[in-house]
Amino acid sequence: MAAIGEIIMVKDVIWAIIILSAELYQHQMDIRVLIDEMVRSMGYRTYPGYPEEYIWVDHGDGSGEVIMLLESHDIEKVREFHSSTSSFPGERFLFLLADGVDKDVISYCKAHRITPVTREETARMLGRALIDMHLSSRTKRKTAIRHKEENKDFIMVYLEEGNNPKYIRPVITGEVVTNAIGLKADLIFVPFHFFTYSMKVMEGNNLVSKEGTVMVNAVNGRPSKSINGYEVLDSWPTTHREMELKWEPLSSLERAKRWVSESLETEVLEKSETDAFIIYSRRRVKPLEDTIKVTFVNTCLYPIYSSSALVMDGFTGEIKSITDYL
């Protein structure tokens, strides 16, 4: 069972609710802050994912979990949670904050591999988090917050191996860009997460394996077929800008898997015979959903040249809109 499930402890429910209510009333603290503190105390971290209203947890080893806070017995919101996170590779938790237990919600969760956490269990966990926060040093917390605020303009890129992202060497030079679009362009490096994928497709009666690569823009979350044959460098010596990473590898992996499922259809040539003719036909075949495996490879900074609303891809030379990248 995942980390959230492991910390559900049998304690006095009434006292946990009293502690939680008093602290929330005194400091007007958001429950999400408590969950974030709880997650960090366990050695993990939360990160911004999509949809933004859910809480995304990264364990740092390629696994994680996503949490929804349900404030009412609204089965439609639960269905939406399932639909939008169905391809998430980790565990999914539903924190029930309303009084009582809705049997339809519980049944739906169990049928769709979502772990429901009752109001009482939530109170126990958050009560413990409140106690830990109270006992921890206020000075250390203020110092950490101040340090974070002072460095908010720095780009923080998280990688499993702890390495900094590499720079993809531009194939196109600034002079070529100026001649092509008639304007001087700024070199911008955009973070992209790179993944490999494997899948299986039914071609007639045969189960065929296919592999490939996909990359996800870590600024706008858009996936696309990966480039190949690029050279990477540890640094880039000339003047440039670097965009801030907004999509982490774990949430981008979900986007990559969805792209593979929806975009990589295969055209199959089928043969059928009649008494007078041999008929060949083509049909589109989608990959088998349960066979799609996506693996995170690395994060690289991708070169583009921007001038006003026009952008030239620094690797392929394609001219696009700035909204395609940022």
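Structure notes:
- Residues that are in contact (Cβ under 8 Å) with a residue 60 or more places away in the chain and either at positive phi or among the aromatic types (Phe, Trp, Tyr) (or both), drawn from the stretch 213-231: Gly221, Tyr230
- Residues in the stretch 267-325 that are at pLDDT 80 or above and among the polar types (S, T, N, Q): Thr291, Thr295, Asn298, Thr299, Ser306, Thr316, Ser321, Thr323.
- In the stretch 113-133, the residues that are surrounded by 15 or more Cβ atoms within 10 Å (Cβ to Cβ) and assigned to a loop (DSSP other than H, G, I, E, B): Ile114, Thr118
- Residue within the stretch 216-227 that is in a strand (DSSP E or B) and among the aliphatic types (A, V, I, L, M) present: yes
- Within the stretch 98-116, the set of residues being modelled with pLDDT of 90 or more and in contact with a strand residue (DSSP E or B) (Cβ under 8 Å, 6 or more places away or on another chain) comprises Val105, Ile106, Cys109, Lys110, Arg113, Ile114, Thr115, Pro116.
- Scoring Pro249 on the criteria (1) closer than 20 Å to Ile188 by Cβ; (2) at pLDDT 85 or above; (3) in contact with a Leu (Cβ under 9 Å, 6 or more places away or on another chain); (4) surrounded by 13 or more Cβ atoms within 10 Å (Cβ to Cβ) leaves a single failure, condition (1).
- Verdict on Ser224 being at pLDDT below 85 and surrounded by 13 or more Cβ atoms within 10 Å (Cβ to Cβ): no
The values are calculated or read from the model by the stated rules, or taken from the named source; none is laboratory data. Here the structure is a predicted model, which is why all the values come from computation and not from measurement. All Cβ positions, even for glycine, are placed from backbone atoms using ideal geometry, and neighbour counts span all protein chains on display.
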